[in-house]
Amino acid sequence: MSTFEKISPDDPRLTTYALGEMEPAERAEFEQLLQQDETARAIVAEITGTAHHLGVALASEPEPQVSAPSFGQAQAAIVPGKNFRGLDGGLDGGPLTRGNARGGEYAPQSKWRRFPQMYFAISGLAAACFAIGFVLWQPNDQPQRQRQYTEVDLTKFGPVFVEGGSEMKENELAATESSSALVANAEDSRHVREDAFVPVKDEPISTFSIQVNPAAYAKVRRSISGGHLPERQTVRIEEMVNYFPYAYTAPTEKDKPFAAHLEVASAPWAPEHRLVRIGLKGREGPAGGTAMIIAKDVNVRVEFNPREVHSYRLLGYENRMPRQEDLINGRIEAGEIEAGHTVTALYEVVLVGTATPVEEPVLAALKYQQPTGPGLINHPELLTLKVRYQEPVADVNRTLEFALSDTGHSFEMASADFKFAASVVAFGMMLQDSPHKGTATFATVATWAKAGLIDDVAGYRSEFVGLIGQAERLGRN
Amino acid sequence: MKAGDVNAQPTTYESPSFVQTAVERHQAPLLRYATRLLHGDADRARDVVQDTFVRLMAQPPEQIDGHVAEWLYTVCRNRVLDVFRKEGRLKLFETGQAERLTASDPRPGSGLEQAESQAAMLELIGHLPTNQQEVIRLKFQSGFSYKEISRITSLSVSNVGFLIHTAVTRLRREMAEQGD
């Protein structure tokens, strides 16, 4: 009956699309095909689930222990080697320098490889050399960075230390940086700001994808660890938030495939705003059974109460905002959900009668609006979460509803999971240099994250705290 | 720890920690990557990784700033190829043996079930053809994009896409079978 060609399950575009690797033009075209092809949509959803699972499993794989003391020395030796670029125009240093100054082609093994013990000697010498170099280098750090160019002439079995070096001005630095950034990151040019506050009167219903690939966090971590802050457009807040495990309990009632964990407290970066955390946890499967489908055609809607909520914004999910009408009709991204599936989404919410977001001028009159605003005493309902799904076997639509009332909690009163997730969001906003970051600084973000350091069995959260410190040192405030 | 503690000394991209940080942070993952390529030969992997970092020292930082990781993986991989070439092995994946280093010892997760499921997934990954394992790890463990993986492995972007799709499809099927 089909008047169009079905997408073959072997078509690699399904995975390319699911992983967000598709170029915008192709993506738009492919989405049209998907709209007509329910089977393909289901496969995309499954791939997204598998991708998530893969990311989590591979993150759990231990890294080899690095203990060789020679390497510790090498690290020290490498520090001044930051400037191992040969003198300008002078590439006639050691064979190593010559071999590598041309990007792309990497030189054949040099002499030291055949005599590994040379390496240790060189490490030691270079380390000593660094000690001297560092002392010389320190006082000249400001305002113009004076560089020391250091070379290890391996053929002579010892280091040659060259003082002085050339100077490079701030703007030149910036220029080289941005040009390399161009090379490094042509991959994501489709960034559009989609994180503005949405008035509830315009759009009372919001939705988010329940399948989130956590790969972006690994990317952010790798970038910061590698000594530079990630490109703003590669920072994906929802992927960062969903990288971390949270202590959501699974549903206890047999007929409910999902439990919702809703919480609201002050947004730490904007205490006048409320922060809503929606945690969804799927029913657990039998031990060992991992791919049991607990529900299909799942989609999630959040309906805000216009009497309490003036406007809201979904944190993260930029670039991938599905068209609202598609989601509401369940046409895109409605997928199968495996046992134990967890997803977390956060909204920053402006209550009726409180200060409006920055993009709208604050009227003095609002002062008199306060009493009619959210009566915190009454624990007003802010929103209702509606999860629509089908049982895996029966094609009957079911809906679970969860309402959230605001008990007026301050951030300090919130749960550890809440605080931690908030810190991840704030960190993402810092890295994006988002206009919504409010009072957040790397220092305050670290404080919030530390407040969430509970049940950190796998050490993910403390690693995150370390990452904030590194980001701060790399500095983009 | 006080709030101000992370506020140590703000430095810039040009701080001397550039290469040092690269070593600290990429050494272990790179070692893991190299060890796999070298079919579990940890000693040789350490040589290759050391070599890679020595080469990093020789790089003009501004040329690789912003893509240090990609650079390291590319160079590391080429060093591995050199090792194989020397030993007369023609291709990187000739032996095709599925070496497994880890799956026995998953990090403690939030629950036993989760750890089991992760171990099961790692086990399945270990049975993929080695070229698929490599791209799967580069994608889902190291977080590289298709384009970056293409540059690291010298495969075309569409080839990378094909390998990842094939691997994910197989893993999805196998995980589903295990679940039954």
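Details
- Test: residue in the range B:135-146 that is of a type in the set (D, E, K, R), within 10 Å of chain A (Cβ to nearest Cβ) and either more than 20 Å from A:ASP11 (Cβ to Cβ) or assigned to a helix (DSSP H, G or I) (or both): yes
- Residue ID - surrounded by the most Cβ atoms within 10 Å (Cβ to Cβ), chosen from residues in the range B:131-177 that are among the hydrophobic types (A, V, I, L, M, F, W, C) and closer than 30 Å to A:PRO286 by Cα: B:PHE140
- Where strands (runs of 3 or more DSSP E) fall wholly inside the range A:281-341, the ranges with 2 or more residues that are modelled with pLDDT of 65 or more and among the basic types (Lys, Arg) are A:293-304.
- The criterion of at least 1 residues that are aliphatic (A, V, I, L, M), farther than 20 Å from A:ARG473 by Cα and more than 7 Å from chain A (Cβ to nearest Cβ) is met, among helices (runs of 4 or more DSSP H) falling completely within the range B:15-85, by B:17-37, B:42-57.
- Taken over the range A:439-459, residues that are within 9 Å of chain B (Cβ to nearest Cβ) and more than 20 Å from A:PRO268 (Cα to Cα) amount to 4.
- Evaluated against (1) closer than 18 Å to B:ARG173 by Cα; (2) part of a helix (DSSP H, G or I); (3) not small (Gly, Ala, Ser), A:GLU31 falls short on exactly one condition, (1).
The values are calculated or read from the model by the stated rules, or taken from the named source; none is laboratory data. Source: prediction; values computed, not measured. Neighbour counts run over all protein chains shown; Cβ positions are idealised from the backbone, glycine included.
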